[in-house]
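Visitor: Structure incoming, see below.
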Amino acid sequence: MENQQHDELVAGISKQMKSILDSSQQAVYIYLDDIHKVCNGKLATLMGYRSPEEWAKVEDSFMAFVDPSSQEILASAYNQAMEKLIPSTIQVTWKKKSGGTVDTNVVLVPIAYNDHLFALHFISQN
């Protein structure tokens, strides 16, 4: 039941944020939890995935995408966003699908949709 509700939330926020996902000059993803997330084509390409759908299907812990050197800072920024509703700008090194890494600047902002908090991320490559 909760998974279905979360699927519906991600579908709804994706529709509401479609213009940002489609038109942003930056890589963008919206995160509810490890399974329920959506990204734009720029993020999928940056991370080495064929499509946003392929990226979203990865159901490992989200930290599977993050280089160990950046996991603590990203988790801390996420917790600040969700608990205190504070945005952050941080540097994150991501793990690409191919095994390489990519250094980025991330703006992480808490957003609400249907009484649920999501983390909206804008990413630019260093």
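Visitor: Heavy atoms only, probe 1.4 Å: what % of the accessible area of the chain goes to carbon and sulfur, would you let me know? Each step should come with its number before you reach the end.
Guide: On the way: 3360 of 6920 Å².
It is 49 percent, rounded to a whole number.
Visitor: What's the extension gain from residue 5 to residue 53 if we count 0.36 nm per residue and subtract their Cα-Cα distance?
Guide: Working: separation 48, 0.36 × 48 = 17.28 nm, distance 1.87 nm.
Full extension from residue 5 to residue 53 adds 15.4 nm.
Visitor: Under a 1.4 Å probe, what is the accessible area of the stretch 2-99 per residue, stated in Å²? Walk me through the intermediate numbers first.
Guide: Working: 5490 Å² over 98 residues.
Per residue, the stretch 2-99 has an accessible area of 56 Å².
Visitor: Would you please name the trypsin sites (Lys or Arg not before Pro) within the stretch 30-115 that are DSSP coil residues with at most 12 other C-beta atoms within 10 Å of their C-beta? Numbers along the way, then the final one.
Guide: Numbers: sites: 37, 42, 50, 57, 84, 95, 96, 97; in loops: 50, 57, 96, 97.
Listed in order of number, the matching sites are 50, 57.
Visitor: Follow-up. Could you derive backbone 3J(HN,Hα) for the stretch 86-92 from the dihedral phi with the Karplus parameters 6.51, -1.76 and 1.60 (θ = phi - 60°), listing whole Hz in sequence and x where the residue is Gly or Pro?
Guide: 10, x, 9, 10, 9, 9, 9
Visitor: With θ taken as phi - 60° and the coefficients 6.51, -1.76 and 1.60, list the Karplus ³J(HN,Hα) couplings across the stretch 32-42 in order, rounded to whole Hz; mark glycine and proline as x.
Guide: Per residue, the Karplus-derived 3J(HN,Hα) values read 9, 7, 4, 8, 9, 7, 8, 9, 9, x, 5 Hz.
Visitor: Quick check on the chain: helices-only [θ] at 222 nm, where DSSP H runs of length 4 and up contribute -39,500 (n - 2.57) each and the sum goes over total residues. Nearest 500, please. Walk me through the numbers on the way to the answer.
Guide: Numbers: 5 runs with 50 residues, N = 126.
So the calculated ellipticity at 222 nm is -11500 deg cm²/dmol.
Visitor: Taking N as the number of residues in the chain, what is its alpha-carbon radius of gyration divided by 2.2 N^0.38 Å? Could you put the intermediate results ahead of the total?
Guide: Details: Rg = 13.5 Å, N = 126, 2.2 N^0.38 = 13.8 Å.
Its radius of gyration relative to the 2.2 N^0.38 Å reference: 0.98.
Visitor: Turning to a different aspect of this structure: Once amide H atoms are placed 1.01 Å from N in the peptide plane, what residues at a sequence separation of 5 or more from residue 17, or on another chain, have their amide H within under 5 Å of its amide H?
Guide: none
Visitor: Could you give the length gained on full extension between residue 116 and residue 97, defined as 0.36 nm per residue of separation minus the Cα-Cα distance, in nm?
Guide: Numbers: separation 19, 0.36 × 19 = 6.84 nm, distance 2.94 nm.
Extra length available between residue 116 and residue 97 comes to 3.9 nm.
The values are calculated or read from the model by the stated rules, or taken from the named source; none is laboratory data. This is a predicted model, so every value here is computed, not measured. Heads up, the Cβs are rebuilt from the backbone with ideal geometry, glycines too, and the neighbour counts pull from every protein chain shown. What goes into the accessible areas is simple: the full protein's heavy atoms, side chains included, and nothing from ligands, DNA or RNA. Shrake-Rupley method; radii C 1.70, N 1.55, O 1.52, S 1.80 Å.
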